[in-house]
1. Take the residues in region 304-332 that are surrounded by fewer than 16 Cβ atoms within 10 Å (Cβ to Cβ) and in contact (Cβ under 8 Å) with a residue 60 or more places away in the chain; name whichever of them is farthest from Leu356 (Cα to Cα).
2. Among the candidates Ala162, Ala180, Ala186, Ala218, single out the residue that is more than 23 Å from Asp270 (Cα to Cα), of a type in the set (Gly, Ala, Ser) and part of a helix (DSSP H, G or I).
3. Condition test on Ala154, is it among the small types (Gly, Ala, Ser) and modelled with pLDDT under 95?
4. Quick one: what pairs do we get from region 179-208, first residue under 20 Å from Thr285 (Cα atoms), second surrounded by 19 or more Cβ atoms within 10 Å (Cβ to Cβ) and of a type in the set (D, E, K, R), C-beta under 7 Å, 6+ apart or different chains?
5. What are the residues in region 317-348 that are touching a Phe, Trp or Tyr at 6+ places or on another chain (Cβ under 7 Å) and in a helix (DSSP H, G or I), if any?
6. Would you mind finding the one in Val422, Val469 that is closer than 30 Å to Val383 by Cα and touching a Pro at 6+ places or on another chain (Cβ under 9 Å)?
7. Please state which one of Gly410, Gly415 is at pLDDT 75 or above, assigned to a helix (DSSP H, G or I) and more than 30 Å from Asp266 (Cβ to Cβ).
8. When only residues in region 424-454 that are closer than 18 Å to Ile278 by Cβ and β-branched (Val, Ile, Thr) count, which is nearest to the chain's Cα centre (by Cα)?
Amino acid sequence: MAGRSFIGSSRRLSALVVVVGLLALSDVVAASNVVAGLEGERGEVAVPTWLFLITGGAVIAASAMLSMLMTDRKFIRAYHDWSRRPSIPRGDTLLAVVGTVGALLSGLALVLVVYTGFTGPQLGSASFAVLFVFVGIRSGLTMVAYLFGNPWPAINPWRRVAELVPNGFAEYPGVGRWPAVVALLALIWIEIVAPVTEAPAVLAWGVVGYTIYTLTGAILFSPEDWFRQADPISLWFRFYGAVGPFQRGDAGWELRSPGARLGETDLVTDLSGVAFVILLVWELTYSGFIVTAPGVTTVETLVGAGVPPVVSYLLLLVGGYALFLAAYSIASRRARQRAETYLSDRYLALRFAPPLLGIAAGYHLAHYFNFFVALSPSLWTAVASPLSPPPPAAFTQVVLPAWADLLEVGCVLVGHILAIWVAHATSFELFPGRLQAIRSQFPFIAVMVLYTMVSLWLLSLPTTEAVYVQA
């Protein structure tokens, strides 16, 4: 009976993944608010039948393999324990020098963002401030974090300043990472309702405000506590960086299997960490929702009922996030019931949250890779002469071939499969029984598929501009 239950569950899981594959292979467009603000119109891509069949078959095969065949604990441990330490002469000294130079350059870039935001051209597509923040940092540096490793601790300009002055006047309260969750929600909302991609001066004021906020916290509580717990940008890069193959351990930098860090217990240690991980998944879904017909209709309905536009976007942001949190909470309880374990649903929530970072990285790459490539020439033009920028006509974009949009499909599916694999490995670490481990995965895999289906559905819709918030 247990074997039949297992086979039936595996078939249901495979069916869910097939649905994801079908949705992913529909017409796809980018749906980020930042992309909409800087890149303009996007076209739809018709996926050829051969790609539909190959990708659909690959998704089915990967699902079946991960859910039924990959149950060799020795193989799972070998994958997650594998590491190599790069042979770098005088590695510690070299890294210290690189970190110092990186911190100096990032500090200079921070000053230039503020200065050019106020004094440079007030056109987002020709502004060093806008291009550097959104193309260079939000897009490019984030991709570096999950494709390679987290560079932020070495170049964080605010931390370097906070460490140079007296700090640690108060003990960090026992609120975990909830301040980072609230701050990231605020940043997402401000990005939507304020013209930060179109009015560089507004972005410069935002950077000044954020600098005051994060330096105050770091000096009051200590840089170590603040940037590990409460600073949303540091948490952003730390969690995305956990996906990458280069990880810093006790013995220095190591090359590890992709996603191996996501199975460790020190990454997400409390429910506030779970909330931050889910927010990384939700924020890209939200930015896609508000520039599609369902999102526009929802906002217009709320405004028609008398809710101010800025409040409408806040309600959608917080309400949708609450639904994502609720879905994950239900999955945690169901996993405990299906596994029939003494482990609490809270502990299961902590252990199965890091795999979601694979999905978040896949979403981010799908949204921003083409955007980054297209606007890289404009970024380099701005970097080459930030204080005396050329006329707007000199800022050009790369015209990408039509097939480049198909990369979005692959990015989302690869991120989803990585998340399934890490969840699979985590379950076999937690439970001694083979069927018990497999049964515990299904609720979490179901919620992963739900997240992916929602995002891919939004990606399949034509995009428009967010209403009521244009500059």
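The values are calculated or read from the model by the stated rules, or taken from the named source; none is laboratory data. Only a predicted model underlies this, so the values are computations on that prediction, with no experimental measurement involved. Here the Cβ is made from the backbone with ideal geometry for all residues, glycine too, and neighbour counts use every protein chain on show.
1. Val310
2. The conditions single out Ala162.
3. Criteria met by Ala154.
4. Ala180/Asp231; Ile188/Glu283
5. Those that are touching a Phe, Trp or Tyr at 6+ places or on another chain (Cβ under 7 Å) and in a helix (DSSP H, G or I): Leu317, Gly320, Tyr321, Phe324, Ala331, Ala335, Arg338, Ala339.
6. Exactly one residue qualifies, and that residue is Val469.
7. Just a single option satisfies the conditions, and that option is Gly410.
8. Thr452
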